[in-house]
Amino acid sequence: MPIEETETEIILTHPNNSSTKARILKYGATVFSWELKGEEQLWLSTAAKLDGSKPVRGGIPLVFPVFGKNHDDEHLSKLPQHGLARNSVWEFLGQVKSNPPTIQLGLGPEFANEELTNLWPFEYSLVLSVELGDEYLKTEIEVLNTSTTQNLKFNWLFHTYLKIDDIEDTLVSNLSSTKLYDQLLKESYIDRQPVISVHEELDRIYQNVDEDRIIQVIDKGYPIHTLKRHNLPDTVVWNPWVEKSKGMADFEPKDGFKNMVCVEPGHVHDFVVLAPGENWVASQILYKDELKFQKV
Ligand code: BG6
């Protein structure tokens, strides 16, 4: 069966290969597993809560309407870190295509997390499409401003936790010569390194990255994840390393940071602003590809 719905999740199975699957939790519309020909591609903490008590630590949590903790905006600053989409139960809207299996989930203020909606009383409709290709996973978001009077101001980000063998053998490529904001140093600069390697906590927002730059995660010279973005100018690269992992109760095993790197396409260095009735669409595609070193 290509699409199965349970009370809490949707399971997609590719009709050409039953070991290619995606599992999407209705809570947060979080893709928490993507197996490509039997091999898991996403990192998920063994202590991740899948019962709706907390955003999922792993997979692809969705960040909306604010990235991080906002301190300036009158309304967005009332929300917790990363907003309300990952803490809300989304509605399963149904199947759009059977091959590749594609489903949609929706969220609006009428059924989003009530407590958080009271803090951020805006009108919107979100539709997430998840498409399971035989060689890729595509997640696409459409944000519609359903208000007739007010602008809708928001950040969006796919908080993608990628599974890797060993962070010390891993490089993230094709982001060099890009301006970044280092969230740990609280400084902006241009990354002159040809590739990113991680040997300590890293938390960077690469800004305005050309859409035709294909980001890759490379393990000992072999590309293990390739990432294409549409309408998502920024990319956050994050690894919590030793101390930060210790501080996160739902991050297990504690040395799990060795087996993950977050590469998070988003629109976060500034806000998308939609006039009443306007919509905005963006997507990420994860797949496997040959090694690509792009001209910078
Ligand atoms: C990343 C941020 O996107 O998410 C980090 O850049 C943050 O600063 C991380 O620590 C995890 O956030 P959270 O809220 O899921 O613990």
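Bear in mind these aren't lab numbers, they're just calculated from the coordinates by the rules spelled out. Here the structure is a predicted model, which means the values were calculated and not measured. Cβ coordinates were reconstructed from backbone atoms using ideal geometry, including for glycine residues, and neighbour counts include every protein chain displayed.
Annotations
- The stretch 152-233, relative contact order [Cα under 8 Å, separation at least 6], %: 30 percent
- In the stretch 212-296, the alpha-carbon atoms span a convex hull of 159 Å³ per residue.
- Given Lys37/Lys69; Lys153/Lys288; Lys163/Lys246; Lys37/Lys220; Lys186/Lys244, the pairs whose alpha carbons are separated by over 27 Å: Lys37/Lys69; Lys153/Lys288
- Label zone at Asn151 (point 7 Å along Cα-to-Cβ), backbone N below 17 Å, the stretch 243-283: 268-280
- Of the trypsin sites (Lys or Arg not before Pro) found in the stretch 177-231, those that fall in a DSSP loop while having at most 15 other beta-carbon atoms within 10 Å are Lys186, Arg192, Lys220.
- The residues packed around Lys186, meaning those with a beta-carbon under 12 Å from its beta-carbon, carry a net charge of -2 if Lys and Arg are +1 and Asp and Glu are -1.
- Projected label distance in nm at Lys244 and Glu187, using a 7 Å step from Cα toward the beta-carbon: 1.7 nm
- Length-normalised contact order of the stretch 12-80 in % [C-alpha pairs under 8 Å, at least 6 apart]: 21 percent
- Here the label points at Lys220 and Asn118, each 7 Å from Cα along the C-beta direction, are separated by 5.5 nm in the simple model.
- Our helix-only sum for the chain, with -39,500 (n - 2.57) per DSSP H run of n ≥ 4 divided by its residues, gives a mean residue ellipticity at 222 nm of -1000 deg cm²/dmol.
- If you bin all the Cα-Cα distances of the stretch 101-175 at 5 Å, starting from zero, the percentages per bin are 3, 11, 16, 19, 15, 12, 11, 9, 4, 1, 0.
- Within the shell of other residues whose beta carbon sits under 13 angstrom from the beta carbon of Glu9, the net charge comes to -1, with Lys and Arg scored +1 and Asp and Glu -1.
- The stretch 3-287 - percent relative contact order, Cα under 8 Å, separation 6 or more: 18 percent
- Spacing of the two label points (7 Å from each Cα toward its C-beta) at Ser125 and Glu278, in nm: 1.9 nm
- Taking a ≥ b ≥ c as the square roots of the eigenvalues of the alpha carbon gyration tensor, the stretch 3-287 is rounded, as a/c is under 1.5.
- Between Thr8 and Ala47, the C-beta separation translates, for a Förster distance of 25 Å, into a calculated FRET efficiency of about 0.90.
- Top positive-direction residue, dipole computed over the chain with Cβ charges, set Leu175, Leu107, Ile60: Leu175
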